[in-house]
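All remarks here apply to the structure that follows.
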Amino acid sequence: MTDYKNLKLIASSSPHIRSNENTRSIMLDVIIAMLPALAMSVYVFGFRALMLTLVSVAACLFWEWGYRAVMKKSMAIGDLSAVVTGMLLAFVCPSNLPYWTIIIGAFFAIVVVKQLYGGIGCNFLNPALAGRAILLASYATAMTTWAAPGTRAAVFGSVADVTTAATPLAMMKEGSFADLMNTYSISDMFIGHVGGSLGEVSALMLLLGGIYLLIRKVISWHIPVAYIATVAVICLIAAPEGVSAVTYMAYNVFGGGLMLGAIFMATDYATSPVTKPGQIIFGIGCGLLTVFIRRFGSYPEGVCYSILIMNCCTWLLDKYIRPTIYGAPKKEKKEAAK
């Protein structure tokens, strides 16, 4: 028999399961997943789309480095989280946005929303979406002036002479659904030959990135599927008169930032629920708010604000939707939730 008295056992605190994954590797996967959408934006809007993304990333890295240097904290730019924030911030902005504007958005996203709350994992709002929200509130004209697909704005210099066009959701909001179908087909919406923000033009490229993240197990299916399915079902049920329900649903699902928000924004670890049931409820809530804002709000898009609103509800979902401790009676679970 084994002499257990002579065994050298080392006791350590949890977790006892080790993994090669870390923040840097996860963020690298997210960056790789966004590359197809970035490539499509460069194809549709020209190299200014790439330049705007690079400026946004550089600004986010600078603000994170500067804040942590001033506050004498350890440097964390190597985890690539600021790079992801910079890319996502550029993805939710027009390609013809002035560079100085997105630098301001990067400051708000990194310093105000992320670092002032403790850094990565401590923020309760998605930094990129919060940066977009403050830019939309401060520079509404610049944030709602969309370059027409195929427009090649100058990489440097003025963008005042850029050809602009209404986005599909804006045309839908104005009630000109016939003009929308004549201007943009469903295949245009799916592939990416439409106007809009950099990262929202191609549902196909966003889906490819989402599949990559699912294969790499960076995200789970719960939030994206619940989010997109909720929007699809409501649009099928509540389609306007004179419009095919399937067509109306397709334009809403492939248009705007739904795919971008559902796959890359709503799945943010720090701002989404931990449990699977909580994630499904989170996705359903985002879908309901998105459709409500699109149909009844003054702004044609609702993804940004719907995710931010649900970010504020994440703590509530985590509090009341939690798994029962193994072996614990239900009474103790209820008491723990109080």
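The values are calculated or read from the model by the stated rules, or taken from the named source; none is laboratory data. Worth saying up front: this structure is predicted, and the values here are computed from it rather than measured. Cβ atoms come from the backbone with ideal geometry, glycine included; neighbour counts cover every protein chain shown. SASA here: full protein model, heavy atoms, side chains in, ligands and nucleic acids out. Shrake-Rupley method; radii C 1.70, N 1.55, O 1.52, S 1.80 Å.
Split the accessible area of the chain by element, probe 1.4 Å, and carbon with sulfur accounts for 67%. Report the FRET efficiency, 1/(1 + (r/R0)^6), for Ile237 and Tyr99, where r is their Cβ-Cβ distance and R0 is 25 Å, rounded to 0.05. Using R0 = 25 Å, I get an efficiency of 0.05.
The simple Förster model, with R0 at 45 Å and r as the Cβ-Cβ distance, assigns Ala69 and Val225 a FRET efficiency of 0.60. Approximating the spin labels as points 7 Å out from Cα along Cα→Cβ, the Lys217-to-Tyr43 distance works out to 3.2 nm.
Extension gain, Arg24-Arg295: 0.36 nm per intervening residue step, less the Cα-Cα distance, totals 93.6 nm. For mean projected area of the Cα convex hull in nm², the value calculated from this model appears in [x] 21.4; [y] 19.4; [z] 22.6 under label [z]. Rounded if a/c is under 1.5, else prolate if a/b beats b/c, else oblate: with a ≥ b ≥ c from the C-alpha gyration tensor eigenvalues square-rooted, which is the range 190-258? The shape class here is oblate. Taking a sphere under 14 Å around the Cβ of Met259 and counting the other residues whose Cβ falls inside, with K and R at +1 and D and E at -1, yields a net charge of -2.
Computed from the C-beta positions of Val246 and Ser185, the FRET efficiency with R₀ = 22 Å rounds to 0.95.
Considering only Lys276, Lys173, Lys319, the mean-square fluctuation computed in a Gaussian network model of the chain, springs between alpha carbons under 10 angstrom, is largest for Lys319. Over what distance in Å are the Cα centres of the range 27-54 and the range 201-249 separated? Cα centroid of the range 27-54 versus Cα centroid of the range 201-249: 21 Å apart. Lysine pairs in the chain whose alpha-carbon atoms fall under 23 angstrom of each other, counting only those eight or more residues apart or on distinct chains, come to 16.
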